[in-house]
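Step one of this worksheet: look at the structure below.
What follows is calculated from the coordinates using simple rules that are stated; it is not laboratory data. The structure displayed is predicted, hence computed values, not measured ones. We place every Cβ from the backbone using ideal geometry, glycine too, and count neighbours over all the protein chains shown.
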Amino acid sequence: QGQGDYRILHEADLRDHLAGLPDLTARLGGDPAAWDITEVGDGNLNLVFIVKGTSGGVAVKQALPYVRLVGESWPLPLSRAHYEYLALSRQAELAPGLVPALLHHDETLALTVMELLEPHIIMRKGLVAGTQYPGFAGDITTFMARTLFFTSDLALSAAEKKEGIAAFAGNHALCKITEDLIFTDPYRIAEQNRWTAPYLDALAVSLRDDMELHVAVSRLKLKFMASPEALLHGDLHTGSIMVTASQTRVIDPEFAFYGPMGFDVGAVIANLLMAYFASAGHERAPGERAAFEAWVLETIEQVWIGFARKFLELWRTAGTGDAYPVSLFAGPQGATRLEAERQTYMQRLFTEVVGFAAAKTIRRIFGLAHNIDFELIEDAKTRAISEARAVRLARAMMVETGTFRTIGDVTGAARKLR
Ligand code: ADP
Ligand code: MG
Ligand code: MG
Ligand code: MG
């Protein structure tokens, strides 16, 4: 079978395809003709079907040869399904229980069958509704600390690390989407840009004229392009996380590649910051969501603090990679110096997290892909107020990054703007 055998599986084809896979028919149960198949994809790129039989269900994701959000005029390689599968496999080893189980992958059809997450919902929807997820910070920090640490030079040999980079280097079309849509287009005139007009018109113009911002975002872009530190998820927003009251599952790693760790951590923090600023637009009575908003800010703090603690602990106990050779840090003096260096490393990473979080925020307000946190605020003026607050903080985080020394500086600034 070659690439030529790819076809988009509509419901009937999908039913036939799955019916030919014994492991899946056993899991689903009942007559394939009676399986319930529904397309549920709400993402920007792919088709996702939920298939249910008499004894169980599965989720089926198929890549399209183009961007679903835009259409056939914007082609996108099917190989992203391969990279998603590869990343999901790696994440399942490194962060067991935090990603859906993989059940089947068909390279030619660019199709992956995985565990049906039920009754999980997309976290972003829960955040819009004002739901708190007390276990989230603990879970996402375990996911990020383990996937990032164990794919870095702190844990791997130089050879293993470079093999890892090579395995994902072909996913450059997905990287290019990030390079254009996050790091470039919001700062220039681009056909796909949109924002809450007319309220944010002036802010959109000021972004295009702001050379300090252009320098800052270009530095971040270069960091994204040229720093293969670890295997990133690459699209770790709250629409790529499914939750229940007590469980967290990370989905949709099709943007995976070796890049700067701060990009993933910054994505989580940016999306929580946007949930915080959007919250004001969702309240029906003043102060109604105060407890939720306090939880969001506390969670932002816990995401950084918990990530840093877990990452450092892994470095201390499993830092067997070729970077920082043990033989160079022998004795008590070496141990002390290495520990100080670890703190310096985390401070540098924090600075990058702050910058990437800012870039991830601005693109959701002026770029192509917006999010429901803001979009579901019906009144445009109310929405613009929330968005403008987020942009004000993001601009400061990007241009005056050094003034944010701790995560408390970020949440403190957010609280002031609310
Ligand atoms: P895209 O790459 O197009 O964004 P996603 O992988 O994010 O696709 O999936 C789109 C939607 O499909 C998700 O928002 C979620 O609602 C649903 N979905 C995806 N994977 C699963 C799963 N394993 N179980 C249940 N629902 C899922
Ligand atoms: Mg998605
Ligand atoms: Mg997406
Ligand atoms: Mg996706």
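Hey, if you put +1 on the Cβ of every Lys and Arg and -1 on every Asp and Glu Cβ in the chain, which of GLY287, PHE136, VAL113 ends up farthest toward the positive end of that dipole? Among GLY287, PHE136, VAL113, the one farthest towards the positive end of the dipole of the chain is GLY287. The relative contact order of segment 3-115 comes to 21 percent, based on Cα pairs under 8 Å that sit 6 or more residues apart. Taking the charge dipole of the chain about its Cα centre, with +1 at Lys and Arg Cβ atoms and -1 at Asp and Glu Cβ atoms, the residue from HIS17, THR411, VAL67 reaching farthest to the positive side is THR411. With just the Cα atoms defining each centre, how far is segment 31-96 from segment 301-368? Give it in Å. Using only Cα atoms to place each centre, the spacing works out to 33 Å.
From the Kirkwood radius over Cα pairs of segment 3-115, Stokes-Einstein at 10 °C and 1.306 mPa s returns a whole-number translational diffusion coefficient of 109 µm²/s. Relative contact order, whole percent, for the chain stands at 18, derived from Cα pairs under 8 Å and 6 or more residues apart. Loop-located chymotrypsin sites (Phe, Trp or Tyr not before Pro) across segment 50-142 with a Cβ neighbour count of 13 or fewer within 10 Å are lacking, with loop assigned by DSSP. When Rg and the Kirkwood Rh are both derived from Cα coordinates, the Rg/Rh ratio for segment 353-418 amounts to 0.99. Can you list the lysines whose alpha carbon sits under 16 Å from that of LYS360, skipping same-chain ones fewer than 8 residues off? Cα-Cα hits under 16 Å: LYS176, LYS221, LYS223. 3J(HN,Hα) along segment 401-418, derived from phi through the Karplus expression 6.51 cos²θ - 1.76 cosθ + 1.60 where θ = phi - 60°, amounts to 3, x, 7, 9, 8, 10, 5, x, 5, 6, 5, x, 5, 4, 4, 5, 6, 5 Hz, with x in place of Gly and Pro.
What fraction, in whole percent, of alpha-carbon pairs in segment 121-417 exceed 27 Å separation? Summing the P(r) tail past 27 Å for segment 121-417 gives 40 percent.
Amide H contacts of GLU229 (H built 1.01 Å from N, in plane; Pro and chain starts excluded): GLY259, MET261 sit under 5 Å, all sequence-distant by 5 or more or on other chains.
In the chain, a dipole from Cβ-located charges (positive for Lys and Arg, negative for Asp and Glu) runs towards its positive end, and of LEU220, PRO253, LEU328 it is LEU328 whose Cα lies farthest in that direction.
Over segment 250-362, the pair-distance histogram of Cα-Cα distances with 5 Å bins from zero comes to 2, 10, 15, 17, 16, 13, 10, 7, 4, 3, 2, 1, 0 percent, rounded to whole numbers. From the square roots a ≥ b ≥ c of the eigenvalues of the alpha-carbon gyration tensor of segment 190-273, which class results: rounded (a/c under 1.5), prolate (a/b over b/c), or oblate? It is oblate, given that a/c is not under 1.5 and a/b is not larger than b/c. The residues packed around GLU341, meaning those with a beta-carbon under 15 Å from its beta-carbon, carry a net charge of +2 if Lys and Arg are +1 and Asp and Glu are -1.
Rounded to the nearest 20, the size of the Cβ-charge dipole of the chain about its Cα centre is 1240 debye, with Lys and Arg at +1 and Asp and Glu at -1.
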